[in-house]
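Presented below is the structure to which this report refers.
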Amino acid sequence: MQEITLLLAIAASIIVIALPPVWGLIIYISALGWYPAYITVKLGTIDFSITRIVILALLAGVYLKSSRPFKWIWLDKMVLIFFACQLIAGITTTEMVQLAENRAGAAFDFVLPYFAVRLIVNSYDKYLTLLKAMVVIAMPLAIVGFYQCLTGHNPVGFLKQYNAWKDIQNVAPIPRHGFFRADVTFPMSIMYGLYFSMLGPLVVGLYGRNPKFKAIAAIGLILYGMGTFASMSSGPMLGLLVAGMFGLFFKYRRYWKHLVVVAILSCLVVEIISNRHFYDALGRLTLNPATAWYRSRLIDVALFEGGMTDYWLTGHGFEDPGWSLIIDNRDHTDIVNYYLLLLSVFGLVGLVPFIIILVLAFKNIARAFNIAITRDQKWVIWCLAASIVGSSLAIFTVSLFGQPLTAFFITLALCGSSVEIMNSATAGMTYRYRETQNEKSSHHSGAALMKPL
């Protein structure tokens, strides 16, 4: 299977270099979802998935075809600082060979894809092209996943026997509430659902005044909703639900401060009434309260019961922190929380830069939103913000790796490009738009004066 994977990677790389960069990016995102990341080509001590090879071709194509200078922003610098901090923390806890292998893979999974998107998606037209393509990319994944959810049969499940990291021969379908948890080309169901819940809100941004775009956005919403549901995972569903609620708040965005206050007060009220942390009470609303309880205990043990004692600065490294012995006595600690995973492995040295990345992403989105002129432009940016808000909450319930990690940093890169995207959308139209609005205003005023009393 390594030979087939390598041939596919070479073919995809040639196509990526031949096509315009934005279409090369679309090929890359297609490979990200359609081809299992656990089927790899071993080069030296590093496992190369098809996307780890194609990303090099994509960046090479950008270098060969683009003479446009790259404008650095603080978000770009912080992504590099985030990666550098992981190396610095890792040096104190992990053997150099293991650290180099692990972080080399991470560079291919989130650093290079982030900068590829930043270099390529620098105009409004390219962004809309990407969103429309993402609807097509989702179609086979969502349909096959929904079929697996209903029947328990994964048509591409036979590929799991070629997993580079686990010896998997026969995997029984996992039932939940009368359905089966779909995973399709992903290593596990929650990763599959997270991929859809992260990218789904973006395509809804196409829903504007253009009837064709409305139809595409509606199809995209159905497909990404199907994919999220088919995973039968509470975390992705939570992310998509929060993103949807954020989207519905678009008309009432002027009251965002009130919403924040209400959300904080609601959490406090839940804590007071239930006499427990609000996230414990929310566990009752999940598909599996037992796993929700585990996630709550994970937070308690890590933050409040000494789980990070003596390890706050640079973390435990890649060793098991031993929290499972306090939680449920299982043989390993399953850190299903990306924030806690960063804290456990890299300490505050790794966690703080990530939080700063999120803050900078929201700051960039706010700038882009203020630049946008038309309602459709503002809606596109609002949906990008909805994706980040939903994903930021969803990763409290799952750790990022593989395809969802790449998808998340692609979304962050779009946040980084959002100001550039809106500048291109509004270039030269500010004056014309205001003149048109003034003409409409004058017309309505004149019509009002002409009405009989």
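The values are calculated or read from the model by the stated rules, or taken from the named source; none is laboratory data. Because the structure is predicted, anything quoted here is derived from the model rather than measured. In this analysis, Cβ positions are derived from the backbone assuming ideal geometry, glycine residues included, and neighbour counts consider all displayed protein chains.
Identify the residue in segment 323-333 that is in contact (Cβ under 8 Å) with a residue 12 or more places away in the chain and surrounded by fewer than 18 Cβ atoms within 10 Å (Cβ to Cβ) and, among all such residues, is nearest to MET188 (Cα to Cα). Across segment 323-333, the extreme among qualifying residues is HIS332. Only residues that are in a helix (DSSP H, G or I) and either surrounded by 21 or more Cβ atoms within 10 Å (Cβ to Cβ) or without any contact (Cβ under 8 Å) to a residue 12 or more places away in the chain (or both): list them for segment 32-55, please. Within segment 32-55, LEU32, GLY33, ILE50, THR51, ARG52, ILE53, VAL54, ILE55 meet the criteria. Residue count for segment 198-216 satisfying the condition of being part of a helix (DSSP H, G or I) and surrounded by 21 or more Cβ atoms within 10 Å (Cβ to Cβ): 7.
Across segment 33-62, the qualifying residues are those that are aromatic (Phe, Trp, Tyr) and modelled with pLDDT of 90 or more, and the one among them that is nearest to ILE4 (Cα to Cα) is TYR35. Can you list residue pairs whose Cβ atoms sit under 6 Å apart, with the first residue in segment 173-193 being among the charged types (D, E, K, R) and the second being outside any loop (DSSP other than H, G, I, E, B)? Count only pairs 6 or more apart in sequence or on different chains. Listed pairs, sorted by first residue: ARG181/SER189; ASP183/SER189; ASP183/TYR192. Among the residues of segment 356-397, those identified as aliphatic (A, V, I, L, M) and over 15 Å from the mean Cα position of the chain (by Cα) are ILE356, VAL359, LEU360, ILE365, ALA366, ALA368, ILE371, ALA372, ILE373, VAL380, ILE381. Of all the residues in segment 87-123, those that are more than 20 Å from the chain's Cα centre (by Cα) and in a helix (DSSP H, G or I) number 13. Within segment 140-155, can one find any residue that is assigned to a helix (DSSP H, G or I), without any contact (Cβ under 8 Å) to a residue 60 or more places away in the chain and closer than 19 Å to ILE55 by Cβ? No: zero hits.
Yes or no, residue by residue, for (1) at negative phi; (2) buried (at least 22 other Cβ atoms within 10 Å of the Cβ); (3) in contact with a Ser or Thr (Cβ under 9 Å, 6 or more places away or on another chain):
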position	(1), (2), (3)
LEU348	yes, no, yes
LYS363	yes, no, no
ILE371	yes, no, yes
ILE381	yes, yes, yes
LEU384	yes, yes, yes
ALA394	yes, yes, yes
